[in-house]
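Data first, discussion second: the structure below is written as structure tokens.
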Amino acid sequence: MTSELRPETSSMSEDAAVLCVHQSLRRCLDAIEQHQEEWSSAILECGPLVRSLSNLAEQLQSCQKVTFSKTPLSGFTDLQDRLRYKLQAAVDLTLEKLHDEMCKLQRVRDSVSHQVGLVLHVYEVNGEKLGLEASLERTSHSPSIADMLEWLQDTEKYYRNQYLQRKLLLEVRHNQLSDIKNLVHSWESLNDKFTAKQHLVEDMLLNVSFFREAAS
């Protein structure tokens, strides 16, 4: 009699494992959708700041090259120093604002990595009960668990790599004017590079829309 109950018990155990992993996946996907909006907003804020920084560096370079004593402004003896100080302060302030935006990107990256890590942990804990067949099973309204785990890892990598490259790009000192002046071109190149990969996140959220609605 005991042996007759084993298949049903095994099925219930598998169903419970699937439910547990699905719940973890939905929490992670909900968080990523919110984070994607936060990420896009921070990237949008960075654009004008980077352009402003480039313009300020160019002005500061010009200010340092000009000999004011040989211009009609020679009567204003401290004008060049005052102008240089004002421009340098503006550079420092803009770098500080960019740092604040990068902190937002870092929080998104860390949160996504944490959320994906939690899902992988839940899957590992339940992996034995799930079995390979349940992990690969797809339905009309739900991708397979294996598919979603792969998409989440690709998404985590997307945020991690993008944050790192942008952070390295902005690691310039306030007196590295040539590097700062050319920063806008490098930043826009990164925008082009990662815009082409942004579909990874958008496609994933689209592909799991029915899966997420099924829990409502």
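Structure above, values below:
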item: Members of the range 151-181 found to be surrounded by fewer than 17 Cβ atoms within 10 Å (Cβ to Cβ) and at pLDDT 90 or above, listed by number; result: Gln153, Asp154, Lys157, Arg160, Asn161, Leu164, Gln165, Lys167, Leu168, Leu169
item: Any helices (runs of 4 or more DSSP H) falling wholly within the range 137-215 and containing at least 2 residues that are over 14 Å from Gln36 (Cα atoms); result: 145-169, 177-181, 183-195, 209-213
item: Residue in the range 5-17 that is open to solvent by 40 Å² or more (accessible area, probe 1.4 Å), more than 27 Å from the chain's Cα centre (by Cα) and modelled with pLDDT of 90 or more present; result: yes
item: Number of positions in the range 104-150 that are open to solvent by 60 Å² or more (accessible area, probe 1.4 Å) and not charged (D, E, K, R); result: 11
item: In the range 182-207, residue least open to solvent (accessible area, probe 1.4 Å) [restricted to those that are β-branched (Val, Ile, Thr) and in contact (Cβ under 8 Å) with a residue 60 or more places away in the chain]; result: Val201
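Condition check ((1) of a type in the set (Lys, Arg); (2) open to solvent by 60 Å² or more (accessible area, probe 1.4 Å); (3) farther than 23 Å from Tyr159 by Cα) across all residues:
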{"residue": "Gln36", "(1), (2), (3)": "no, no, no"}
{"residue": "Glu45", "(1), (2), (3)": "no, yes, no"}
{"residue": "Val50", "(1), (2), (3)": "no, no, no"}
{"residue": "Gln61", "(1), (2), (3)": "no, no, yes"}
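The values are calculated or read from the model by the stated rules, or taken from the named source; none is laboratory data. Just so it is clear, the structure is predicted and the values come from calculations on it, not from any experiment. Reconstructed Cβ throughout: ideal geometry from the backbone, glycine too, with neighbour counts over all protein chains shown. Surface accessibility is based on the protein's heavy atoms, side chains included, excluding ligands, DNA and RNA. Shrake-Rupley method; radii C 1.70, N 1.55, O 1.52, S 1.80 Å.
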